[in-house]
Structures are given as structure tokens and as C-alpha cells.
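The values are calculated or read from the model by the stated rules, or taken from the named source; none is laboratory data. Not measured: the values here are computed from a predicted model. Neighbour counts run over all protein chains shown; Cβ positions are idealised from the backbone, glycine included. Areas reflect the complete protein model, heavy atoms only, side chains present, ligands, DNA and RNA absent. Shrake-Rupley method; radii C 1.70, N 1.55, O 1.52, S 1.80 Å.
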Amino acid sequence: DHCESDLLVVYPMGDPHLGMYSYAAETGDNFNLDIAERHLCAAVDRLVASAPAAETALIAELGDFFHADNDRNQTKSGHALDVDTRWSKVMQVGLRTMVYSIRRALEKHLRVVARVVKGNHDGHSSFALALALDAFFSNNPRVTIDLSPAAHWYYQHGKVLIGITHGDTSKMAALPGVMAADEPEKWGATKFRYWYQGHIHHEDKKEFPGVVVEAFRTLAARDAWHAAQGYRAGRDMRC
């Protein structure tokens with residue numbers, strides 16, 4: 001009853017990597033499926049409580065929601081992955097976590113739009129997650145689950161235009177031109193334009209003519225490969 005129609009709140013989820021396993025003695029932090037669910041739900045609780053009462057919320061899952069795309073436990077290029085438990089269980093927990101996140105957002109916001117982005121770790125399972133969410137909330141007129149398979153996706157809110165992508169298919173410097181080419185009418189109708197991406201697991205923000213491109217951190221710990229490579233970015237989630 002008291003939501004503000006001129007406000008939009010965005011909840012970017014940077015690469016949750018549900019199903020990834022990390023051993024603290026090797027990587028610096030323990031991480032598994034239970035920890036991933038607990039951290040993501042707690043972060044959503046904190047952010048929803050802190051967010052302004054915007055009429056619309058956009059839950060922007062920025063790709064690699066799942067660490068592995070199937071029970072082969074490999075990337076699409078064939079690299080072995082450190083995984084926790086069984087792939088079927090990871091899928092169930094992933095759906096439960098996203099349902100929880102959307103329900104929490106509905107307690108604060110009149111409408112919730114959710115976008116699940118295809119990542120380089122979960123090219124097929126990410127779409128399965130979106131389909132399951134669409135079926136789950138099919139009778140709720142306050143929830144929209146976007147099912148576009150496009151690598152670059154756009155959302156306009158008044159004078160604001162937001163582009164969302166994982167970040168594995170386009171360099172940051174190319175994204176302003178991609179937005180202008182894909183959405184020339186929305187580009188001309190807006191004044192504040194943003195790209196949100198994941199993939200690189202660290203905070204990065206660059207301003208280009210007409211567009212700010214921002215990459216977000218992940219809540220997930222480092223796996224053994226990233227720890228050995230010297231990656232040491234912080235972990236957080238924002239709204």
C-alpha cells in the first residue's frame with residue numbers, strides 16, 4: 001500500500017556457484033551447498049530489509065547460479081570442477097533458494113521481475129531454473145519470470161535503462177555499443193544507463209559515454225583453481 005512507484009530496486013546476484021566445494025585449508029574458506037544457501041538467503045534477508053519500498057524489484061541473477069551444468073562436473077570446455085554432493089540435489093536447493101528470494105522480495109515490493117542469466121558454468125541448468133520458477137509463480141500476477149534466451153537483456157524503468165549479461169561473451173568496453181545497437185529507441189528515451197554483469201568475480205566499475213558498466217562480486221568462496229591462481233577478491237551482495 002505504501003510502495004513508491006517511481007523507484008526501482010535491483011538485487012544483483014553475482015555468480016552464486018551453488019554446488020561448488022571449497023576446503024579452507026587449501027583455499028582459505030570452506031564452501032559447500034549448505035553454506036551457499038545459507039549465505040544467499042541471509043544476504044537477501046538483509047538487503048530486502050534495508051531497501052526502500054520501491055514498487056518494483058528486479059532480481060538480476062548474473063549467471064553461474066550453478067557451479068556445474070550437469071553430473072559430469074566439468075565446464076563446457078572440459079575443465080574439472082570441485083563440486084559438493086549430487087547435481088540433482090544442487091538443482092533442488094537452487095530452486096528453493098530462488099523461490100525464497102522472490103518471496104522475500106514480495107514482502108517489500110508490489111511487483112518482482114526475475115531474470116536468470118545463462119553463465120559459462122550453467123548454460124542449460126540456468127534455463128531449467130527459469131522454467132521451474134515460471135511454473136511455480138504462474139498464478140501470481142505480481143511476479144514476472146523472464147524466459148528470454150538472449151545473452152544481452154534490457155529493462156527500462158522511466159528514464160533508466162539497465163542491461164544485464166553474464167560477461168563471458170562481451171568485453172566491458174563493447175557493452176555500451178551493444179546497448180545502443182540493440183535498443184536504439186530505449187537508448188533515446190532514457191538518460192541514465194547501466195550494464196550489470198558477473199563472471200569476473202571482483203568489483204569493477206567503468207563509466208563510458210552514456211553508460212556505466214558495473215561488475216559484481218560473488219558470495220561464493222574461491223575454489224582450489226582460483227585460490228592457486230592468486231584471486232583474492234572480497235565477497236558480497238548488494239542492492
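When region 211-239 is filtered for residues that are touching a strand residue (DSSP E or B) at 6+ places or on another chain (Cβ under 6 Å) and either within 17 Å of residue 171 (Cβ to Cβ) or of a type in the set (Asp, Glu) (or both), the ones remaining, listed by number, are 211, 212, 213, 214, 215, 216, 223.
Each residue in region 17-35 was checked for being open to solvent by less than 80 Å² (accessible area, probe 1.4 Å) and farther than 17 Å from residue 86 by Cα, and 4 pass.
Entry remark, region 89-124: residues being more than 18 Å from residue 164 (Cα to Cα) and touching a residue at least 60 places away in the same chain (Cβ under 8 Å) number 10 in total.
When 2, 39 are checked against the criterion of being touching a residue at least 40 places away in the same chain (Cβ under 8 Å), under 20 Å from residue 105 (Cβ atoms), open to solvent by 30 Å² or more (accessible area, probe 1.4 Å) and within 16 Å of the chain's Cα centre (by Cα), a single residue qualifies: 39. Taken over region 17-50, the criterion of being touching a Lys or Arg at 6+ places or on another chain (Cβ under 6 Å) and either of a type in the set (A, V, I, L, M) or at pLDDT below 95 (or both) is satisfied by 44, 48. Every listed requirement among (1) modelled with pLDDT of 95 or more; (2) assigned to a loop (DSSP other than H, G, I, E, B); (3) of a type outside the set (Ser, Thr, Tyr); (4) under 30 Å from residue 35 (Cα atoms) is met by residue 141 save one, (4). Just so you know, in region 170-192 the residues that are in contact with a strand residue (DSSP E or B) (Cβ under 9 Å, 6 or more places away or on another chain), not hydroxyl-bearing (Ser, Thr, Tyr) and not in a helix (DSSP H, G or I) include one that is surrounded by the most Cβ atoms within 10 Å (Cβ to Cβ), and it is 183.
Of all residues in region 71-105, how many are within 19 Å of the chain's Cα centre (by Cα), modelled with pLDDT of 95 or more and either not hydrophobic (A, V, I, L, M, F, W, C) or not in a helix (DSSP H, G or I) (or both)?
Final tally of qualifying residues: 8.
When you look at residue 189, is it of a type in the set (A, V, I, L, M), at pLDDT 95 or above and farther than 18 Å from residue 151 by Cα, yes or no? In short, yes.
Taking the options 97, 75, name whichever one is of a type in the set (Ser, Thr, Tyr), open to solvent by less than 60 Å² (accessible area, probe 1.4 Å) and touching a helix residue (DSSP H, G or I) at 6+ places or on another chain (Cβ under 9 Å).
Values: 75 fails: touching a helix residue (DSSP H, G or I) at 6+ places or on another chain (Cβ under 9 Å).
Of 97, 75, the one residue that is of a type in the set (Ser, Thr, Tyr), open to solvent by less than 60 Å² (accessible area, probe 1.4 Å) and touching a helix residue (DSSP H, G or I) at 6+ places or on another chain (Cβ under 9 Å) is 97.
Every condition in (1) open to solvent by 40 Å² or more (accessible area, probe 1.4 Å); (2) in a loop (DSSP other than H, G, I, E, B) is met by residue 167 except one, and the failing one is (1). Across region 46-58, the qualifying residues are those that are more than 16 Å from the chain's Cα centre (by Cα) and assigned to a helix (DSSP H, G or I), and the one among them that is surrounded by the most Cβ atoms within 10 Å (Cβ to Cβ) is 46. When 217, 232, 222 are checked against the criterion of being free of Cβ contacts under 8 Å to residues at least 24 places away in the same chain and outside any helix (DSSP H, G or I), a single residue qualifies: 232.
Determine, yes or no, whether residue 195 is assigned to a strand (DSSP E or B), of a type in the set (Phe, Trp, Tyr) and at pLDDT 95 or above. For residue 195, the condition - assigned to a strand (DSSP E or B), of a type in the set (Phe, Trp, Tyr) and at pLDDT 95 or above - is met.
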